[in-house]
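Encoded as structure tokens, the structure appears first; notes follow it.
The values are calculated or read from the model by the stated rules, or taken from the named source; none is laboratory data. Keep in mind it's a predicted model, so treat the numbers as computed, not measured. Ideal geometry is used to build each Cβ from the backbone, glycine not excepted, and the neighbour counts take in all protein chains shown.
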Amino acid sequence: MAFDFRSYGTFTGPGTPFDYRDNDDFDVSSYEDSTFNLSDVSMCLINTTSSPADYVYLHLNGTSTSTVTLERNSGPLSSFIVNAGSSTFSGEVVSNGGAHRLSNKKNFDIPHPNKPGWRLRHTCVEGPENAVYFRGRLKDSNVIELPEYWKGFVDPESITVSLTQIETSQDLIVEKIEWGSRIVIKSGNASNINCYYLVHGTRIDGENLIVEYEGQSPADYPGDNSEYSVAGYHYDVKED
């Protein structure tokens, strides 16, 4: 395969006829011209054995060197293979749809904290709401004080409480939740309170999550996509 550097006609996207001007040579001196049209900077790989010709086009966006696009005239590339010992990407790696085997779950992977030569991987808990939690221990007191920042951040009507008794059976009951800022606990058998607590609430600083929707990619989400960052779609950054 040989590379032929020339000036090409306008390319407006996959599926559009490609105007290849065979007699218009690529002028390297144009790089020194301040008025140079950046849309002319391109590389085209053409398969002349197919009819019509099949080609892949690598080009700038016509206004700056900040965006480089690789696309095929007949639609998306079926695969893009990089056979390298290592590949380095500076900045975000963005994908606009498609399956991502490594991004279907939200994970972290770190060196094991106490087993040299091992690693530790966890996967995030997932759920059908934009929720937050607050947990801790309550001892010799009957009031759980919720964080100050929960005011205006968490729907007080959505707050739920789970209690785990420590050492003895205390018949613990959530007596009331006051103003979405404090939770009052009581013991049904008058025991001293000693427990762990886990409090959940739903955020109110945005829309409610639409759990199921019709579509082919996250771009079809019927709500406000600007409120979300989807692994494998908006980002997919992996670091050692």
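Read through the list (1) in the same structural domain as D109 (by TED's automatic domain parsing); (2) out of contact with any Phe, Trp or Tyr (no Cβ under 9 Å at 6 or more places or on another chain), then give the number of the only condition that D224 fails.
Of the numbered conditions (1) in the same structural domain as D109 (by TED's automatic domain parsing); (2) out of contact with any Phe, Trp or Tyr (no Cβ under 9 Å at 6 or more places or on another chain), the odd one out for D224 is (1).
Taking Y133 as the residue in question, decide whether it is assigned by TED's automatic domain parsing to the domain that holds E175, without any contact (Cβ under 8 Å) to a residue 12 or more places away in the chain and under 30 Å from N192 (Cα atoms).
Numbers: assigned by TED's automatic domain parsing to the domain that holds E175: yes; without any contact (Cβ under 8 Å) to a residue 12 or more places away in the chain: no; under 30 Å from N192 (Cα atoms): yes.
So Y133 does not fit the description; no.
For a quick check of your reading of the model, give me the residue pairs whose first member lies in segment 182-195 and is more than 29 Å from K151 (Cα to Cα), whose second is buried (at least 18 other Cβ atoms within 10 Å of the Cβ), with beta-carbon atoms closer than 7 Å and at least 6 apart or on different chains.
So the pair list comes out as N189/Q170; S191/Q170.
List the strands (runs of 3 or more DSSP E) that sit entirely inside segment 143-228 and contain at least 2 residues that are surrounded by fewer than 14 Cβ atoms within 10 Å (Cβ to Cβ) and of a type in the set (D, E). Give the steps one after another, and end with the answer.
Working: elements: 143-145, 160-165, 172-178, 182-187, 194-202.
Hits in segment 143-228: 172-178.
With V125, V132 as the choices, which residue is part of a strand (DSSP E or B), at pLDDT 70 or above, out of contact with any Leu (no Cβ under 9 Å at 6 or more places or on another chain) and within 30 Å of W179 (Cα to Cα)? Break it down into steps so the answer makes sense when it comes.
Numbers: V125 fails: part of a strand (DSSP E or B).
None of the other options fit; the residue is V132.
From the set of residues in segment 109-120 that are of a type outside the set (A, V, I, L, M, F, W, C) and either touching a helix residue (DSSP H, G or I) at 6+ places or on another chain (Cβ under 9 Å) or surrounded by fewer than 10 Cβ atoms within 10 Å (Cβ to Cβ) (or both), which is nearest to Y228 (Cα to Cα)?
Looking at residues that are of a type outside the set (A, V, I, L, M, F, W, C) and either touching a helix residue (DSSP H, G or I) at 6+ places or on another chain (Cβ under 9 Å) or surrounded by fewer than 10 Cβ atoms within 10 Å (Cβ to Cβ) (or both), I get R119.
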